[in-house]
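For reference, the structure discussed in these notes is given below.
The values are calculated or read from the model by the stated rules, or taken from the named source; none is laboratory data. What you see is a predicted model; the values in this text were computed from it and never measured. Cβ: placed from backbone, ideal geometry, glycine included. Neighbour counts: every protein chain shown. Side chains included, ligands, DNA and RNA excluded: accessible areas come from the protein's heavy atoms. Shrake-Rupley method; radii C 1.70, N 1.55, O 1.52, S 1.80 Å.
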Amino acid sequence: MKYTNEEILVKAIKILKSLNPDFFKESDIESISFSNKDVEKSISGENIDTWTVIIKESIFDASEFLVISDETGEPLYYQNFNMIIGEIEKKSEGDYKIKNLY
């Protein structure tokens with residue numbers, strides 16, 4: 001494990017504020033968990049260490065998930081309860097945006 005829970009929390013807040021500045025509140029983060037060599041969290045099919053940040057989505061009273069690589073500390077993708085919404089890419093100025101998969 002390269003990152004701590006606290007470091008991932010700081011990264012998650014920055015990423016989520018960048019993706020959705022008008023609606024995201026820090027209190028929306030429900031929990032953070034680490035997964036060791038989890039192939040299911042990797043879009044590429046590799047076994048990678050990941051962090052999953054669970055976010056409360058209040059409009060539909062559901063949970064959404066931000067998956068962050070433990071190797072790079074960068075976000076991999078954002079997922080709602082039934083599908084991956086998109087990969088996340090870092091813009092040159094350090095902000096993030098969702099790159100749709102479809």
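Only one entry of 34, 60 meets the criterion of being out of contact with any His (no Cβ under 9 Å at 6 or more places or on another chain) and in a strand (DSSP E or B), and that entry is 34.
Within segment 11-22, the set of residues being part of a helix (DSSP H, G or I) and either without any contact (Cβ under 8 Å) to a residue 24 or more places away in the chain or of a type in the set (D, E, K, R) (or both) comprises 11, 13, 14, 17. For segment 45-102: of the residues being closer than 17 Å to residue 32 by Cβ and polar (S, T, N, Q), which is modelled with the lowest pLDDT? This residue is 79. Taken together, the residues in segment 58-70 that are farther than 17 Å from residue 96 by Cβ and open to solvent by 40 Å² or more (accessible area, probe 1.4 Å) amount to 4. Taken residue by residue, segment 37-57 has at least one member that is part of a helix (DSSP H, G or I) and open to solvent by 100 Å² or more (accessible area, probe 1.4 Å). Look at (1) part of a loop (DSSP other than H, G, I, E, B); (2) at pLDDT 90 or above and you find that residue 8 fails only one, number (1). Which residues, taken from segment 12-28, are surrounded by fewer than 16 Cβ atoms within 10 Å (Cβ to Cβ) and of a type in the set (S, T, N, Q)? If the condition is that a residue be surrounded by fewer than 16 Cβ atoms within 10 Å (Cβ to Cβ) and of a type in the set (S, T, N, Q), then 20, 27 are the ones that fit.
Tally time: how many residues in segment 60-74 are touching a residue at least 24 places away in the same chain (Cβ under 8 Å) and closer than 13 Å to residue 28 by Cβ? Here the count works out to 2.
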